[in-house]
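Data block below; observations after.
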Amino acid sequence: MIQSYKKKLVLAEQYDTIIIGSGMGSLTSAAILAKEGQKVLVLERHYIAGGFTHVFKRKEFEWDVGIHYIGEVQREDAIIKKVFDYISDNQLKWADMGVVYDKIIIGNKSYDFVKGVQNFKDKLCSYFPNEKEAITAYVDLVFAAVNTSKGFYMDKALPPVLSALIGSKLRKKFYAFSDKTTD
């Protein structure tokens, strides 16, 4: 999949779809369109495909911005699992990441992020015992925000006429969260 821009590529004369950028959304779209019989060209200016699925380093700092923890993929009826199964022809196998799925290091302190919602809350509360109420409120707020996104994405799948009629109602709860800053 990854080809250097230094190589001369032989491109077809026509494509059904041309996608600019190779982030996860673009690659997912390209895979689905190709599975449906379209001839797809994905263009990427970076030398590695994948968008924000890389590890980036700037001076002494490192960011792992890629997908490293996806929920719901073990549940057979989950939409996200069905999408991955379709794209990969059921070939994608998920590995358990263990109890600790991420580690945040600030100065000389280290904070483990652990799987399982209650385990996550308990671990954060062990680091910050005086913030138990705020941690619980934060995790509850994240779930509330995620639940509102379903209406937002449903609207995106509607035909324009239907979206004009009912889309604002589907998006309203989502915008109540997405339009707020962390401040």
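Coordinate-derived values only; no laboratory data. Because the structure is a prediction, the values reported are computed rather than measured. A quick note on method: Cβ atoms are made from the backbone with ideal geometry, for glycine too, and the neighbour counts reach across all protein chains shown.
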Checklist outcome for this item: Expected vector for segment 144-155, Karplus 3J(HN,Hα) from phi with 6.51, -1.76, 1.60 and θ = phi - 60°, integer Hz, x for Gly and Pro, equals 4, 5, 4, 4, 6, 5, 4, x, 4, 6, 4, 4
Item to check | Protection proxy ranking of 165-174, 43-52 - average other beta-carbon atoms within 10 Å, highest first | outcome: 165-174, 43-52
Next on the checklist: Using a Cα-Cα cut-off of under 17 Å, which lysines could be cross-linked to LYS173, ignoring same-chain neighbours fewer than 8 residues away?
Outcome noted: LYS150, LYS156
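Checking a compactness column here: for segment 110-183, what do you get for Rg(Cα) / (2.2 N^0.38 Å), N being the number of residues?
Normalised Cα radius of gyration, segment 110-183: 1.49.
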Next on the checklist: Straight-line reach from LYS57: which aspartates and glutamates fall under 18 Å, measuring Cα to Cα and dropping same-chain residues less than 8 apart?
Outcome noted: ASP102
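Given an 8 Å cut-off on Cα distances and at least 6 residues of separation, report the relative contact order of the chain as a percent.
Result for the chain is 10 percent.
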Checklist entry - Which lysines have a Cα less than 22 Å from the Cα of LYS93, not counting those fewer than 8 places away in the same chain? => result LYS35, LYS81, LYS82, LYS115
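Within a 10 angstrom radius of the beta carbon, how do ILE135, ILE70 rank from fewest other beta carbons to most?
ILE70, ILE135
Quick check: convex hull over the Cα atoms of the chain, volume per residue in Å³, rounded to an integer? Kindly include the intermediate steps, with their values, before the conclusion.
Values: hull volume 35.6 nm³, N = 183.
So the per-residue Cα hull volume is 194 Å³.
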Checklist entry - What is the set of long-range amide H partners of ASP102 at a cut-off below 5 Å, with H atoms built 1.01 Å from backbone N? => result PHE113
